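Heads up, the thing below is written out as structure tokens.
The values are calculated or read from the model by the stated rules, or taken from the named source; none is laboratory data. Keep in mind that this is a model prediction, so the values were computed, not measured. Backbone-built Cβ (ideal geometry, glycine too); neighbour counts: all protein chains shown.
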């Protein structure tokens, strides 16, 4: 996806209690073609932001009431996967390392160059769009799997383990021809060309390679 399309599809959240800094970041980021929204505190971000809009968060570390690091932890608890770019004059190496371990996209010390920030934003937006694409694909696969009958699910899981039709027939105490029929139905319902790849569904490993040619890992 080229930069113009990225910018059309994404919203850059700026969270900083410093009014002058918010205006400065907004001027810079919007001047490069991105859409932005500003929040004066982490609490306002939590109350007002629409997490369904793709993009990222440009986040200060030191703020009253709730720090940027605390906001990151709350987002983790809420399973809010928006990528975070920390921009702070108050961070240290240990803080940066921990923030990155917890999933931050970048941790940039102030003063940060415009080019470095814009590069980080582009990387974070690409990451978020890919995450949303994988999540959508995983949910579609889950829904498709749930359309299978109990016996079809059993066959699908054994196919995923790499068992041959004869081995599946022996394990399920059915004919090899019946296995072939179930296998064909599974492929049709899940729009599979070839059952490969690996997911987890329930407590069972399920390897399925769907016709988009992408591997998906899902749980549930």
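Scanning the stretch 159-177 for residues that are modelled with pLDDT under 85 and either assigned to a helix (DSSP H, G or I) or not assigned by TED's automatic domain parsing to the domain that holds residue 189 (or both) turns up 159, 160.
Tell me which residues, restricted to the stretch 21-30, are surrounded by fewer than 19 Cβ atoms within 10 Å (Cβ to Cβ) and either under 16 Å from residue 64 (Cα atoms) or touching a helix residue (DSSP H, G or I) at 6+ places or on another chain (Cβ under 9 Å) (or both). Scanning the stretch 21-30 gives 21, 28.
Taken over the stretch 77-96, the criterion of being surrounded by 13 or more Cβ atoms within 10 Å (Cβ to Cβ) and closer than 27 Å to residue 130 by Cα is satisfied by 80, 81, 82, 83, 84, 85, 86, 87, 88, 95, 96. Being free of Cβ contacts under 8 Å to residues at least 60 places away in the same chain and touching a strand residue (DSSP E or B) at 6+ places or on another chain (Cβ under 7 Å) holds for only one residue in 77, 71, and it is 71.
Applying the selection to the stretch 5-45, what residues are at pLDDT 95 or above and closer than 18 Å to residue 126 by Cα? 10, 11, 12, 13, 14, 29, 30, 32, 33, 34, 35, 36 - these are the residues of the stretch 5-45 that are at pLDDT 95 or above and closer than 18 Å to residue 126 by Cα.
Does residue 132 fit the bill of being surrounded by fewer than 19 Cβ atoms within 10 Å (Cβ to Cβ), farther than 19 Å from residue 3 by Cβ and at pLDDT 90 or above? When the stated conditions are applied, residue 132 does not pass them. Look at residue 150 and say whether it is out of contact with any helix residue (DSSP H, G or I) (no Cβ under 6 Å at 6 or more places or on another chain) and at pLDDT below 95. Judged against the criteria, residue 150 is a match.
Kindly indicate whether residue 58 is surrounded by fewer than 17 Cβ atoms within 10 Å (Cβ to Cβ) and touching a residue at least 12 places away in the same chain (Cβ under 8 Å).
Details: surrounded by fewer than 17 Cβ atoms within 10 Å (Cβ to Cβ): no; touching a residue at least 12 places away in the same chain (Cβ under 8 Å): yes.
In short, no.
When the stretch 98-133 is examined, which residues are found to be under 16 Å from residue 25 (Cα atoms), in a loop (DSSP other than H, G, I, E, B) and touching a residue at least 24 places away in the same chain (Cβ under 8 Å)? Hit for the stretch 98-133 is 112, nothing else.
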